[in-house]
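First the structure, in the form of structure tokens, and then the observations on it.
Laboratory data are not the source of any read-out in this text; all were calculated from the coordinates shown. Quantities reported herein were computed from a predicted structural model and do not represent experimental measurements. Cβ placement follows ideal geometry from the backbone for every residue including glycine, while neighbour counts extend to all protein chains displayed.
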Ligand SMILES: [Zn+2]
């Protein structure tokens, strides 16, 4: 099980613990290694499908089950690499209104620019990472994980409230009603403040 994040990857070389995690990522997700040094200049395409086993490897994954198609185009320039990610698929999630299982459609594009050199001179941002000169490959699994999570909508519900689990909604409404009845009648609240 792995805990991983984009920022952690960027800091991997500074932290021996993260470094060992990085090695684990390399072995678990070997199919996600892109050996860019052997790619021909210009655009190179890769396809992946991320499903439940992919997300299981990340300890705190919000997503447990999904089917996400990922198209990666790597544009190899002489001094840098430009990765374009096309993310499209469905995530099994809980409805925020009724907690029933729903399928949430995802569609997103992300970009990652890989530069080479010394991190102290090259600027790293959310979109730009800097790898040491001579690096031959990159494992894109942690980036895919991050990008897929970023593609999740803030609110996940059945499209129409009438499609929600009506029994659950009814129960929630009852609970709300109970809560109201236990709070004090506002007319008595006024009395409480009077100096008698
Ligand atoms: Zn619902």
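Worth a mention:
- Scan region 119-143 for residues that are surrounded by 13 or more Cβ atoms within 10 Å (Cβ to Cβ) and out of contact with any helix residue (DSSP H, G or I) (no Cβ under 9 Å at 6 or more places or on another chain) and the total you get is 3.
- In the set (1) more than 16 Å from the ligand (Cβ to nearest atom); (2) surrounded by fewer than 19 Cβ atoms within 10 Å (Cβ to Cβ); (3) within 14 Å of the chain's Cα centre (by Cα), the condition left unmet by residue 69 is number (3).
- Residue count for region 147-163, restricted to those that are more than 10 Å from the ligand (Cβ to nearest atom) and over 8 Å from the mean Cα position of the chain (by Cα): 3
- Condition met for residue 31 (in contact with a strand residue (DSSP E or B) (Cβ under 9 Å, 6 or more places away or on another chain), without any contact (Cβ under 8 Å) to a residue 40 or more places away in the chain and part of a helix (DSSP H, G or I)): yes
- Residue 101 vs. criteria without any contact (Cβ under 8 Å) to a residue 24 or more places away in the chain and within 16 Å of the ligand (Cβ to nearest atom): yes
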